[in-house]
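Provided herewith is a single structure, encoded as structure tokens, for subsequent inquiry.
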Amino acid sequence: MHRLLVAALAVPLGACGLIDPDITEFDLTLPSKQFTIDSAQWGLMNADALINQTCTTSPDPCAAAAQQACEEGTCIAQCDAQSLTCDLTLFVSLYNAIDLEMEKPELSTIEDQPVLDVTIDAINFEVSANTMNIETPEMVVYAAPSTVMSPDARAKRVGTVPAVPPGQTRSLTPIDFDPMGRANLASFMNDYKTPFNIIVGSSILVEMGDVVPSGALTVRVVVEAHAGL
């Protein structure tokens, strides 16, 4: 979405830190952000043996076994009470930093007004490449402070990217917004002088008989927004 504002920035300023009164709206459409889920990030070793390992629920040997099956912090495992084999959960946690002052330099003309009234027009996602051998699960999009790089209580949900079948790509498609998703993202963009992160998070459950994930999937996310003074 493009809005007629850039040309107006050439108008001389009436006073230091003030913009021309005719400028009432800013295009805040962001450069696209790319997230790649790559099975190499989990460092999987002997995952096939793990999900077929017999176990007891107490004591549960699966957690210790998971330490040998993947990189630290990227997975957990626990004994399935029905199959009495180890279930492996792989975590997806990717982020991109957003710095509106850097990405939208025209905002420097309103330095005396530190807060904007932002409206989120749309968020679209594109799967540009996919060599994953499994269906990737629904992925949740969050907005979070710049110090938060994985989903936690400080991250606010924005919406979800639907599951993607193995090997399939997708052209630009709207995400499914949470009820408060637009407002949650706008709350971070309103304070345009403070950088924040966009996080994509999910998890993949691998059970006895399942295919161990391999391959990579690249998602491009485009945020379209505008702001008034």
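³J(HN,Hα) across region 204-216 via Karplus (A = 6.51, B = -1.76, C = 1.60, θ = phi - 60°), whole Hz, x for Gly/Pro?
My calculation for region 204-216 gives 10, 8, 10, 10, 3, x, 6, 6, 6, x, 8, x, 8 Hz in order.
Cβ under 15 Å from Q41's Cβ, Q41 left aside: what net charge do those residues give with Lys, Arg +1 and Asp, Glu -1? Mind dumping the intermediate values first?
Working: positive: none; negative: D38, E71, E72.
Result for the neighbourhood of Q41: -3.
Could you work out the helix-only [θ] at 222 nm for the chain, with each DSSP H run of four or more residues adding -39,500 (n - 2.57) and the total divided by the number of residues, to the nearest 500 deg cm²/dmol?
Details: 4 runs with 24 residues, N = 229.
Calculated mean residue ellipticity at 222 nm is -2500 deg cm²/dmol.
With Kirkwood's inverse mean 1/r over C-alpha pairs for Rh, give me the Rg to Rh ratio of region 108-188, two decimals please. All intermediate terms of the calculation are to be shown ahead of the outcome.
Working: Rg = 15.7 Å, Rh = 14.6 Å.
With Rh from the inverse mean 1/r over Cα pairs, Rg/Rh is 1.07.
Report Rg(Cα)/(2.2 N^0.38 Å) for region 69-205, keeping two decimals.
Details: Rg = 18.0 Å, N = 137, 2.2 N^0.38 = 14.3 Å.
So region 69-205 has a normalised radius of gyration of 1.26.
Based on alpha-carbon centroids, what's the gap between region 24-88 and region 168-185 in Å, whole number please?
25 Å
Among 85-95, 133-143, how do they line up from the highest to the lowest mean number of other beta-carbon atoms within 10 Å? Kindly include the intermediate steps, with their values, before the conclusion.
Details: 85-95: 21.0, 133-143: 19.4.
Packing proxy ranking, top to bottom: 85-95, 133-143.
How many percent of Cα pairs in region 30-89 exceed 20 Å? Could the numbers behind the result be given before it?
On the way: 575 of 1770 pairs.
For region 30-89, the share of Cα pairs beyond 20 Å comes to 32 percent.
Can I ask one more? How big is D for the chain, in µm² s⁻¹ as a whole number, if Stokes-Einstein is applied with the Kirkwood radius of its Cα pairs at 37 °C and 0.692 mPa s? Could you put the intermediate results ahead of the total?
Values: Rh = 19.8 Å.
Taking Rh from Cα pairs, D becomes 166 µm²/s.
Work the Kirkwood hydrodynamic radius out for region 48-138: mean of 1/r over every pair of different alpha-carbon atoms, inverted, in Å.
Hydrodynamic radius (Kirkwood, Cα pairs) of region 48-138 is 17.9 Å.
All of the numbers you see were taken from the coordinates with simple rules; none came from a lab. What you see is a predicted model; the values in this text were computed from it and never measured. In this analysis, Cβ positions are derived from the backbone assuming ideal geometry, glycine residues included, and neighbour counts consider all displayed protein chains.
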